[in-house]
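The next block holds one structure in the form of C-alpha cells; read it before the comments.
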Amino acid sequence: MIREFGQRLREARAQRGLSQEALGEIAGYQDRYISNLERAERQPTLTTLVRLATALDVSVDDLLSGFVDAAVERRRHDFDSRSR
C-alpha cells in the first residue's frame with residue numbers, strides 16, 4: 001500500500017511540474033522527506049497527507065483511492081459470511 005502511495009505522490013508531483021524540493025517548500029517539508037515518501041521509506045501521517053494534497057491541489061482521496069488491504073478484506077468477507 002505504501003509503495004502505491006509513493007508512486008501516486010510522484011505522479012501527482014510530476015503532473016504539476018514540481019520538483020521534490022518545490023513540493024517540499026510548498027507543503028512545509030524537506031525535499032529528502034518527499035523523496036522518502038515517494039520511495040516508500042516513510043509513511044505519511046494524516047496531517048502530512050492533507051498538507052501534500054493541498055500543496056498539489058488534489059484531494060486526499062486522489063492520493064489514496066483504490067488501496068485495499070487484502071488481509072482486512074479477507075477478514076471482512078469471512079465476518080460477513082458468518083453473519084448471514
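Side notes on the structure shown:
- Wholly enclosed helices (runs of 4 or more DSSP H) of the chain bearing at least 1 residues under 10 Å from the mean Cα position of the chain (by Cα) and surrounded by 13 or more Cβ atoms within 10 Å (Cβ to Cβ): 2-15, 31-38, 46-56, 60-64
- Cross-chain or 6+ apart pairs with Cβ under 6 Å, segment 36-59 first and polar (S, T, N, Q), then not in a helix (DSSP H, G or I): 36/42
- Tally of residues being at pLDDT 90 or above, under 17 Å from residue 11 (Cβ atoms) and aliphatic (A, V, I, L, M) across segment 40-83: 9
The values are calculated or read from the model by the stated rules, or taken from the named source; none is laboratory data. Just so it is clear, the model here is predicted, and its values are computed rather than measured. Please note: Cβ atoms are built from the backbone with ideal geometry, for glycine as well, and neighbour counts cover all protein chains shown.
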